[in-house]
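Shown next, in structure tokens, is the structure this report addresses.
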Amino acid sequence: MLKRSLYPSLFALFASTSAHAIVSMEALHTGSPKEGFSGNGDLAMSVSSGNTDKEDYTLGARLQWHKEKITNYLLVSGAYGENAGVKSTDNRFMHARHIYQYHPRFAMEGYLQAEQDTFARQAYRALAGAGARYTLYQREEVGIANLGLGAYYSNERIDDDFTDGGTNSLWRASSYLILKYQATPNTTLVSSTYYQPSLEGADDYRLLEQAAMKVKLNDSLSLVVSLNHRFNSVPPEGVEQTDSTWTTAFSYEF
């Protein structure tokens, strides 16, 4: 059990952190799913009034079904925020993945994804892809390292606020490295790094880093502090190349 003296610090951290991030995909690559149906739900929110009038809300959920060598996942999340009555965050995300564990260290994956982010000028983005995952290292009491390689086809609609608006379709290679470390029996550290270059030119690529610390409060409830850092080498007009978000949330597993 977590020491009672840590609870005030953890709740203070939760109250002081904005809730903007997409749900982490780490469990898709490192989890040991239960037989049958299981999942978890995440909730983060921050409301301020007075000198600072700000509201941020994030909801996320993961559902999974596992039997023998097959696992199916569905992830959904959404975030909404207002600053002084003006919308400052608005995004949605859905990801479905089918995994076949061909060998204890080798798995094949296929996936579908859809997302929308108003402030990245992303009216929608849909993609379908497949790949392979290889376990470089795994010890239950220490951690795991997984390497994934594959490709996906994406169709993306950029809104028409600038001259570059329109629809863009292309193939991208996709690779990821997932590192998971069991720091203590109740504390897990995770780094998920994705690299996605266009197959039409190496100067067009996307990087995503998702780093998280998960602290188990009891058998079902955890506190998760995470950083999402995104880099787009060729962003839409008026959009920054880099986007970073800290989030602290409660996660309930069932």
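Determine whether Leu43 is assigned to a strand (DSSP E or B) and exposed (fewer than 15 other Cβ atoms within 10 Å of the Cβ). Even if it seems obvious, please write down each step before you answer.
Numbers: assigned to a strand (DSSP E or B): yes; exposed (fewer than 15 other Cβ atoms within 10 Å of the Cβ): yes.
In short, yes.
Restricting attention to segment 186-224, the residues that are under 15 Å from the mean Cα position of the chain (by Cα), open to solvent by 60 Å² or more (accessible area, probe 1.4 Å) and over 20 Å from Gly41 (Cβ atoms) total 3.
Hand me the list of strands (runs of 3 or more DSSP E) wholly inside segment 63-131 holding 3 or more residues that are of a type in the set (Ser, Thr, Tyr) and open to solvent by 30 Å² or more (accessible area, probe 1.4 Å). Steps first, please.
Numbers: elements: 70-83, 86-103, 106-117.
In segment 63-131, 86-103 are the strands (runs of 3 or more DSSP E) which contain 3 or more residues that are of a type in the set (Ser, Thr, Tyr) and open to solvent by 30 Å² or more (accessible area, probe 1.4 Å).
Counting only strands (runs of 3 or more DSSP E) that fall entirely inside segment 170-254 and contain at least 3 residues that are within 21 Å of Ser77 (Cβ to Cβ) and among the β-branched types (Val, Ile, Thr), the qualifying elements are 187-198, 242-253.
Going through (1) open to solvent by less than 50 Å² (accessible area, probe 1.4 Å); (2) under 30 Å from Ser251 (Cα atoms) one by one, Arg172 falls short only on (2).
The values are calculated or read from the model by the stated rules, or taken from the named source; none is laboratory data. In this text the structure is predicted, and so the values were computed from the model without any measurement. Note that each Cβ is placed from the backbone with ideal geometry, even for glycine, and that neighbours are counted across all protein chains shown. These accessible areas exclude ligands, DNA and RNA; they are computed on the full protein's heavy atoms, side chains included. Shrake-Rupley method; radii C 1.70, N 1.55, O 1.52, S 1.80 Å.
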